[in-house]
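Structure, as structure tokens:
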Amino acid sequence: MALNVTGLAVMAVFYVLILATGIWASMRSKKEEKKCTGDGMEITLLAGRNINLLVGIFTLTATWVGGGFILGIAEAVYNPTLGLVWALMPVPYVLTFFLGGFFFAKPMRENKYVTMMDPFQLKYGNVLSSALIFPALVADVLWVARTLVSLGGTMSVILDLSYVYSIIISSVVAIVYTLLGGLYSVAYTDVIQLILIFASLWVCVPFMITNPNSLDISLTAFNQTFQAPWVGKLEPRDVGKWIDDFLVLGLGGLAYQAFYQRILSASSCTQAQVTCFASSAFCLVLGIPSVLIGAVAASTDWNRTSYGSPTPYERGQAGSILPIALQYLTPAYISVIGIGAVAAAVMSSMDSALLSSASLFSSNIYKNIIRKQASDREMQWVIRISVVVVGLAGTALTFLDSSVLVFWLVGVDMSYTIMFPQLVCVLFFKVSNGYGATVGYILGLVLRILSGEPLIGLPPAIQFPGLRTDPEGKLTQYFPFRTTIMLISLVSILLFSWLASIVFNKGLLSEKWDVFKINRKQAKAAAAAAARAMENKKVHPDNKNPAVSKQLLDTTSC
């Protein structure tokens, strides 16, 4: 196949548009810095807590609707061993946003934290919070790698562009506009990207549905035609795994810094909650085109297309079914529009991961631990360097498929089995302390490793009920073991926190052994120190005047 020059030209226009938007947003960011009395780091990372509602909805939705979202849904629907019933992403994401809006947005936004890790640092101290930051940073690096892999594979199918070139170009563009304006650039480019995703995919769908080589998807939904029905079937013995996957996607998302970056950038607590609720509806709508594309691919006689035989599934290309369908089931000019949708989805997730990891490192590690007296200008450079380092690390991992898979699994599982119970405890249970958090962290990590992972060839040392070989011949846990580990971690945090508080508060052990300073006198001192730290970040948790408190919560840092 010859290089698609027209397609490359269209992609060049797309990248110029995104870069121009990023430059415009960076100019706005600089104007805000001049007007604002708050620090520049907060403007870069949280847009001065002044993102308007519509932009907030767009950027939160675009963060979750990435390359993995639109390609993953199409793959699940097309895959004859899975089907629509296993295309879980849209509905769990609704759960993520609703729970985030109802329970997590208020405590995070009211305290005006800068990152998700601030409550950990204030309550547990620097050492333990640094250990907890590590899995979040790893997850972000792998997020960058995975999004670039999805774009590289798609471009190689449709444009016949070198995998290496497509990844490097996309990476450079995303890094540059994220560097230019921080969250302002990310948020406003997300608006453009989300519009492109929505419009491009819906333009492609009618051409696919009316393709003469594809049957009516309503006929193949429940009937065996070219392959198993695309709706799929949930066997009773698979229910445990289905529930586990659903909760990993739904609750694991609540432990990502990228989610709280959008929440904390809202101008008020109420706006943060509305942003979550509105974004849930957008995720559902944006999942529909991918479902239809996967269904059409499952209803296509590939022998009659120029793709030929065997089918994409038989060739092991089910993961690339969306770009393959765009290439062989739509006119050339339409397939180019489709690649724009994939590129937009990838960029909207990559920039979020870049800024997310930069926020954690610059605010929680560099500013709070390494250089507490760092100037505002110094912090701006730390943020920029962090963005570049994470971008380069993620880009490098795209050329090591096995390593990407390993780190991706570590990131996803730790966000659910480790970070989610930790976040719940630190926000909603006063009894939680460093001892319980440490036990929960170690216990969750050890149990997860011992449970095995078939995708990386890690055999299960712990065999939960229902362990059996999956359709691909890999030994798989069909019991909801990740949810079990998450609950064990949650209970252990609370239990050992309670036991530790009894031991030290009742004098069963001397105060000199109290590493995390949880006895009453030291707890008061820690609370005072936390209050002073919050005051430095323009937070006033002890204000007794309701009217003043409301005013503080409903204003920006400017």
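FYI, it's all coordinate maths here, none of it is from the lab. Keep in mind that this is a model prediction, so the values were computed, not measured. Positions of Cβ are backbone-derived with ideal geometry, glycine not excepted, and every protein chain shown enters the neighbour counts.
Table for the structure above
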| quantity | calculated |
| --- | --- |
| Long-range amide H partners of Thr476 with built H, under 5 Å | Arg468, Thr469, Asp470 |
| Cross-link table Lys112/Lys512; Lys367/Lys517; Lys367/Lys512; Lys112/Lys241, entries beyond 30 Å C-alpha to C-alpha | Lys112/Lys512; Lys112/Lys241 |
| Chymotrypsin sites (Phe, Trp or Tyr not before Pro) within the stretch 86-169: DSSP coil, no more than 15 neighbouring Cβ in 10 Å | none |
| Cα gyration tensor shape of the stretch 417-518, rounded if a/c is under 1.5, else prolate or oblate by comparing a/b with b/c | prolate |
| Label-point gap, in nm, between Leu53 and Ile442 - each point 7 angstrom along Cα→Cβ | 4.9 nm |
| Ala332-Phe464 FRET efficiency (beta carbon distance; Förster radius 45 Å; 0.05 resolution) | 0.35 |
| Relative contact order computed over the chain (Cα-Cα under 8 Å; 6+ residues apart), in percent | 26 percent |
| Ile51 long-range amide H proximity, modeled H, under 5 Å | Ser267 |
| Projected label distance in nm at Ile288 and Ile449, using a 7 Å step from Cα toward the beta-carbon | 4.7 nm |
| Value of relative contact order over the stretch 417-518, rounded to a whole percent, pairs C-alpha under 8 Å and six or more apart | 36 percent |
| Estimated distance in nm for a label pair at Ala131 and Phe277, the labels positioned 7 Å out from Cα along Cα-to-Cβ | 4.0 nm |
| Sum of -39500 (n - 2.57) over DSSP H runs of 4+, divided by residues of the chain (222 nm, nearest 500) | -22000 deg cm²/dmol |
| FRET efficiency for Leu392 and Glu472, using Cβ-Cβ distance with R0 set to 35 Å, rounded to 0.05 | 0.55 |
| The stretch 69-143: C-alpha gyration tensor shape, a/c 1.5 cut-off, then a/b vs b/c | oblate |
| Rounded if a/c under 1.5, otherwise prolate or oblate - the chain, Cα gyration tensor axes | oblate |
